[in-house]
1. State yes or no: is residue A:157 open to solvent by less than 10 Å² (accessible area, probe 1.4 Å), closer than 23 Å to residue B:130 by Cβ and either among the β-branched types (Val, Ile, Thr) or more than 10 Å from every other protein chain (Cβ to nearest Cβ) (or both)?
2. Name the strands (runs of 3 or more DSSP E) wholly within segment A:190-285 that hold at least 3 residues that are surrounded by 18 or more Cβ atoms within 10 Å (Cβ to Cβ)?
3. Kindly provide the set of residues from segment A:99-125 that are more than 10 Å from chain B (Cβ to nearest Cβ) and not polar (S, T, N, Q), ordered by number.
4. With (1) farther than 19 Å from residue A:113 by Cβ; (2) part of a loop (DSSP other than H, G, I, E, B) as the list, and residue B:96 as the residue in question, which single condition is left unmet?
5. Could you please find all residues in segment B:92-112 being under 20 Å from the mean Cα position of the chain (by Cα) and either exposed (fewer than 15 other Cβ atoms within 10 Å of the Cβ) or at the interface with chain A (Cβ under 9 Å from one of its Cβ atoms) (or both)?
6. Can you report the number of residues in segment B:113-126 which are open to solvent by less than 40 Å² (accessible area, probe 1.4 Å) and over 18 Å from residue B:71 (Cβ atoms)?
7. Among the residues of segment A:209-241 satisfying the criterion of being away from chain B (no Cβ under 12 Å) and in contact with a strand residue (DSSP E or B) (Cβ under 6 Å, 6 or more places away or on another chain), which is farthest from residue A:278 (Cα to Cα)?
8. Assess whether residue A:169 counts as being touching a residue at least 12 places away in the same chain (Cβ under 8 Å) and within 14 Å of chain B (Cβ to nearest Cβ).
Amino acid sequence: MGERAAVEAAVTEAEEAAVDEPLGVGIGWRPEIDLTVERLEGVDFVEVIAENVRPDRLPESLRVLRARGVPVIPHGVGLGVGGAEPPDPDRLAHLAACAQALGAPLVSEHLAFVRAGGMEAGHLLPVPRTREALRVVVDNVRRAQDALEVPLALENVAALFGWPQDEMTEAEFLGGLVEATGVKLLVDVANLYTNEVNLGLRAVDALDVLPLSELAYVHVAGGHAHGGVWHDTHTDHVPDEVLAILSELCARVDPPGVLLEWDADYPSDESLQSELDRIRKAMVRD
Amino acid sequence: MTDLDRRPPEAARETGPGHDVVGAAGPGQGAGHDVVGAAGPGQGAGGAAGSDARAELARAQAELLAALVAGGRAPEGFDEERLRIQTSSLIAKRRGVVARLRPDLLRALGGDFAAEFAAYADGRPKPSGGSRADARDFAEALRAAGRIAGEPAPRARRWWARLTRRRTG
């Protein structure tokens, strides 16, 4: 059997094994650290930015990981399910194709809007958390779910501001979405920390309200403080405060997966390995 | 297999690292699009998200985004200092991606890179073609201002742009 055929066969086998199993500890796969991710010890699953791959031309590194049985989750950043328009069918089709090509157990995106009025934000912006907006986002999420063959998980975002119209917290809004649509949760504890520092919203309060029984997995990341504001840059070591929130979460629920996000200014392989080890330690219940 | 065989594919190289919100279908997308959300088959409850709710959300988000990326006035009730921080953060994010895509510009501008990018991006939303279009537009602005020399770069279409072209063209 040629190498390619062997990879194909292994991918099919791993595909069947991936569903409904705990994800474990993982790291965001990025092209810049592809070989590092393959070499790191104890990478149980990875995520790939969905907009950065073509399902018909998957990076060789992802194929190698899949052949090893490592689940790969497409993580979208451009859908804008919190936007005023129904989610773009082309973007949904792309997410679905990524999930299929990768044999992914689920797809994740964000509770955010990324464009409006013909303009691109270039990043994830918080949705006004009103009952009216919730109805729109519920409809958007249902449309997304209809287009995907695997479950969708939505992530809480890091915000630098709140809307004056806000009637509920982000945790309450996500709770409403879960209740209405059955969408899964991707809880980013670094984003909870960011909102605690920048907006005074206590992370533990969010953990108390979020329906953690619907947790798909968790994000962990580092950032830096600048002028009293925490910037969730994914370019630095995870601060102890973020790991403390992870521990708080693990005291409430056994998370199916926890994934480190590191997006630029990559450190040494040893440094990334040590970050994964710190995450594992923080997950151990007292 | 050697490491040389394992170069990232074109798509991944082009779009660059991290959480780059890429490849929008650009301005005008709304025109041919089902903006007000007539609920599809089997989406009875979707009717709850009627045209009024969508229209109001669209208005509010567009007004805020204009303030954040297009030099618009801050909508009433927002903390204006917070919006300024968000604006700077969005520009810094764009700048970081452009710096990685165009190390030549980073070298050419040296310590002026951040200020030059801020001057370019101030009040100018990220183009619909994503970060590569942003990098190209920045380079064009620098050429037009005489800050760098050279010929305009050819406009290479990204795969995502091809995919969504029918919406914009």
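The values are calculated or read from the model by the stated rules, or taken from the named source; none is laboratory data. Note that this is a predicted model, so its numbers are computed, not measured. No Cβ is skipped: glycine too gets one built from the backbone with ideal geometry, and neighbour counts run over all protein chains shown. Accessible surface areas use protein heavy atoms only, side chains included; no ligands, DNA or RNA. Shrake-Rupley method; radii C 1.70, N 1.55, O 1.52, S 1.80 Å.
1. yes
2. Answer list for segment A:190-285: A:215-221, A:257-261.
3. Residues satisfying the conditions are A:99, A:101, A:102, A:103, A:104, A:105, A:106, A:107, A:109, A:111.
4. The single condition residue B:96 does not satisfy is (2).
5. Residues of segment B:92-112 under 20 Å from the mean Cα position of the chain (by Cα): B:92-103, B:105-106.
B:92, B:93, B:94, B:96, B:97, B:100, B:103 - these are the residues of segment B:92-112 that are under 20 Å from the mean Cα position of the chain (by Cα) and either exposed (fewer than 15 other Cβ atoms within 10 Å of the Cβ) or at the interface with chain A (Cβ under 9 Å from one of its Cβ atoms) (or both).
6. Going through segment B:113-126 one residue at a time, the tally reaches 1.
7. A:214
8. Against the criterion (touching a residue at least 12 places away in the same chain (Cβ under 8 Å) and within 14 Å of chain B (Cβ to nearest Cβ)), residue A:169 does not qualify.
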